[in-house]
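Heads up: the structure comes next, in structure tokens.
Read-outs: derived from the displayed coordinates by stated rules, not from any lab. These figures come from a predicted structure and were not determined experimentally. Methodologically, a virtual Cβ is constructed for each residue, glycine included, from the backbone with ideal geometry; neighbour enumeration extends over all protein chains shown.
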Amino acid sequence: MRPYIENMIESIAAQDDAAAIAKIIRQRRSINFFKEKVPPRELILQAIDLARWVPNHNLTEPWRFYLLSEQCKKKIVDLNAELVTASKGADAGEAKRKRWSSIPGWIVVTCVRSEEELRAREDYAACCCAVYTICMYLWAHGIGTKWTTGDVTRDARFYDAIWTDPDLETVVALLWYGYPAEVPVTVRKPVSEVLVEV
């Protein structure tokens, strides 16, 4: 009788875990505006630690994670403001500088480059999974994220700012994080519109 009860309890716990995971996936949103409070560093390190366990072909572990200092963030904010000013004018550049300066936490995720086309694609996909895992873990702790790949991440000076070589690594994500000031509402297409059975 006892093994039956233990198995039943484990089954219920597994169902509860699955429901919690599904809830996190459905409720997570990209956050555009954050509160000033900086989340605990320990939680960020836990998220990065967990991200290392996503699938990666041949266990290449192609990801690299950069936690940005205030000095590094300022370089990127200034660079982006310069790029926006050049394309949209000084007012737009200053508005972007103000907004980006208010973002509390920054991580950059890169992928080690490969000369083999198939491996490069597989490694990039693995790094995307790693970024998503960070987003999910942080969301479960009430911390929002925004995954961006804007023009600034393709500028050679961005790589200089994070002290890495664009010939060796490529940026997969500039990931902002913090406590959400607001959470957008979005919808998704029904499964019937995206599912093909062959």
**Report entry** For the chain, Cys with no neighbouring Cys Cβ under 4.7 Å
**Finding:** C72, C128, C129, C135
Report task. Determine the gain in length on full extension of the stretch E182-Q27; use 0.36 nm per residue of separation and subtract their C-alpha separation, reporting nm with one decimal. Result -> 54.5 nm
Query - the chain: most fluctuating residue of A161, A18, A173 per GNM, C-alpha cutoff 10 Å - result: A18
Query raised in the report: Stretch E70-K88 to full length: gain in nm at 0.36 nm per residue minus the Cα-Cα span?
Result: 3.9 nm
Query - Estimated dipole of the range 31-115 in Debye, rounded to 20 [Cβ of Lys and Arg +1, of Asp and Glu -1, Cα centre] - result: 220
Query raised in the report: Pairing the Cα long axis of helix 70-88 with the longest principal axis of the chain, what angle in degrees results, from 0 to 90 and rounded to the nearest 10?
Result: 70
Report summary line: Most fluctuating of V131, V185, V172 in the GNM of the chain (C-alpha, under 10 Å) is V185
Query raised in the report: When only Cα pairs under 8 Å and 6 or more residues apart are kept, what is the percent relative contact order across the chain?
Result: 33
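By the scheme Lys and Arg +1, Asp and Glu -1, what is the net charge of all other residues having a beta-carbon under 14 Å from that of H57?
-3
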Requested in this report: First check a/c for the chain, with a ≥ b ≥ c the square roots of the eigenvalues of its C-alpha gyration tensor; if it is under 1.5, answer rounded, and if not, answer prolate when a/b is larger than b/c or oblate otherwise.
Outcome: prolate
Report summary line: FRET efficiency for D78 and A140 from the Cβ-Cβ distance with R0 = 41 Å, rounded to 0.05, comes out at 0.75
Report task. At a temperature of 37 °C and a viscosity of 0.692 mPa s, determine how fast the range 114-196 diffuses translationally according to Stokes-Einstein, using the Kirkwood radius over alpha-carbon pairs as Rh; express D in µm²/s, rounded to the nearest whole number. Result -> 213
Query raised in the report: In terms of modelled amide H atoms, which long-range or inter-chain residues lie less than 5 Å from the amide H of W106?
Result: L68, Y177
Requested in this report: Multiply the residue separation of T148 and R52 by 0.36 nm, subtract the distance between their alpha-carbon atoms, and state the gained length in nm to one decimal.
Outcome: 32.5 nm
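So what is the 222 nm mean residue ellipticity for the chain from helices alone, if each DSSP H run of at least 4 adds -39500 (n - 2.57) and you divide by all residues, rounding to the nearest 500 deg cm²/dmol?
Working: 7 runs with 102 residues, N = 198.
Rounded to the nearest 500, the figure is -17000 deg cm²/dmol.
Can you pull the percent of Cα pairs in the range 46-106 with separation above 14 Å?
For the range 46-106, the share of Cα pairs beyond 14 Å comes to 65 percent.
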Report summary line: The set of residues whose placed amide H lies less than 5 Å from the amide H of F34, leaving out same-chain residues fewer than 5 positions away, is A181
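Pull up the DSSP beta bridges for the chain and report the antiparallel fraction as a percent, rounded to 5. Display every interim value, and only then the final one.
Working: 19 of 20 bridges.
Of all bridge pairs located within the chain, approximately 95 percent are antiparallel.
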Query raised in the report: Can you pick out the pairs among K74/K189; K146/K189; K98/K189 whose Cα atoms lie more than 32 Å from each other?
Result: K74/K189; K98/K189
Query raised in the report: Each label point is 7 Å from the Cα along the Cα-to-Cβ direction; what then is the distance between the points at D165 and V198, in nm?
Result: 4.1
Report task. Could you tell me the distance between the Cα centroids of the range 152-198 and the range 23-97, to the nearest Å? Result -> 9
Query raised in the report: Mind checking the angle between helix 41-51 and the chain's longest principal axis? C-alpha axes, 0 to 90 degrees, to the nearest 10.
Result: 70
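Work out the P(r) tail for the range 70-140: percent of alpha carbon pairs separated by more than 19 Å, whole number. Spell out each step's value before the answer.
On the way: 1380 of 2485 pairs.
That tail contains 56 percent of the Cα-Cα pairs.
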